[in-house]
Amino acid sequence: MLTVSGIHFSYNSHPALSDIHFSLDAGQVLGVLGVNGAGKSTLLKCLNRILRPQRGAVLLEKANILEMRQRDVARRMGYVPQRHADSRLTVYEAVLLGRRPHMGWTVRPKDYQVVETLLAEMALTHLSHRPVCDLSGGEVQQVMIARALAQSPRVLLLDEPTSNLDIKHQLEVMKTIRRVVREQQLSAVVSIHDLNLAVRFADAFLFIKDHRVYALHAKDALNAATISDVYGVEVSLINAGDHLMVVPR
């Protein structure tokens, strides 16, 4: 589904990403992990060409995203940024904005249908007429995910989707991402700080250290040594019921 090959990006003369490689199949969630400033958010912005890499390729089903028009990129990649501007738009209007890459001069019946279906699937219909700025943090994240899905993308890019949420809403957001990716056979790249949420919901893990790929592990290959090396903290991996957990020593 998604192949990233040799991505390099610098802010002026300061390297932010160097020689990033990875691939991701349909139906999979990739957790992007690393300390603050490692380049996780920059990577997501390079994948959908908000930032243009100086070198490398981003192949989505063999088509190079970096050679497409931005409108065509938006039809293939849905992006949920780390921060959202306050908006007086209603939930319905905010999700409808996700249809812009597919619209002409007018909103078509199909666009309304996509929005109404998404609102129902994500249990947001009862909030349709509420201003987004009046919602809780968890509700806002669900709306932003719905807006990204309204683009009918093949790949979801999510930058710290659980930041500033309580544990209940963290779980709800990650369960939504996991469910949508499997049901619609999308790929998702999720930058995330909470290691235990990543371990619980991701299928694979891309560790970035010093602006490079330090390791790429499938779930069954995850190990404490990699986590300790990347974060500079000794950890253990333990089983808690059905879930693996990362515990600092």
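The values are calculated or read from the model by the stated rules, or taken from the named source; none is laboratory data. Small disclaimer: the values here were computed from a predicted structure and weren't measured. Positions of Cβ are backbone-derived with ideal geometry, glycine not excepted, and every protein chain shown enters the neighbour counts.
Taking Val235, is it modelled with pLDDT of 90 or more, within 15 Å of the chain's Cα centre (by Cα) and either closer than 28 Å to Pro15 by Cβ or of a type in the set (Gly, Ala, Ser) (or both)? Answer is no for this residue.
Among the candidates Gly241, Gly232, the residue that is of a type outside the set (S, T, N, Q), touching a residue at least 60 places away in the same chain (Cβ under 8 Å) and exposed (fewer than 13 other Cβ atoms within 10 Å of the Cβ) is uniquely Gly232. When the test is whether a residue is touching a residue at least 12 places away in the same chain (Cβ under 8 Å) and in a loop (DSSP other than H, G, I, E, B), Val247 does not pass it.
Let's see how each residue does on (1) part of a strand (DSSP E or B); (2) of a type in the set (A, V, I, L, M, F, W, C); (3) over 15 Å from the mean Cα position of the chain (by Cα):
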| position | (1), (2), (3) |
| --- | --- |
| Pro153 | no, no, no |
| Leu156 | yes, yes, no |
| Thr162 | no, no, no |
| Gln170 | no, no, no |
| Arg179 | no, no, no |
| Val190 | yes, yes, no |
| Phe205 | yes, yes, no |
| Ile208 | yes, yes, yes |
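Based on this model, can you work out whether Lys175 counts as without any contact (Cβ under 8 Å) to a residue 40 or more places away in the chain, in contact with a helix residue (DSSP H, G or I) (Cβ under 8 Å, 6 or more places away or on another chain) and among the basic types (Lys, Arg)? Talk me through it step by step, then tell me what you get.
On the way: without any contact (Cβ under 8 Å) to a residue 40 or more places away in the chain: yes; in contact with a helix residue (DSSP H, G or I) (Cβ under 8 Å, 6 or more places away or on another chain): yes; among the basic types (Lys, Arg): yes.
So Lys175 fits the description; yes.
Among the residues of segment 120-133, which ones are without any contact (Cβ under 8 Å) to a residue 40 or more places away in the chain and either farther than 19 Å from Gln170 by Cα or touching a Phe, Trp or Tyr at 6+ places or on another chain (Cβ under 8 Å) (or both)? Listed by number, the residues that qualify are Ala120, Thr125, His126, Leu127, Ser128, His129. Assessment of segment 63-78 against the conditions (of a type in the set (D, E, K, R) and over 23 Å from Val114 (Cβ atoms)) yields at least one matching residue. Restricting attention to segment 90-106, report how many residues are at pLDDT 90 or above and aromatic (Phe, Trp, Tyr). Result for segment 90-106: 1.
How many of the residues making up segment 46-61 are over 14 Å from Gly6 (Cα atoms) and in contact (Cβ under 8 Å) with a residue 40 or more places away in the chain? Number satisfying all stated conditions: 4.
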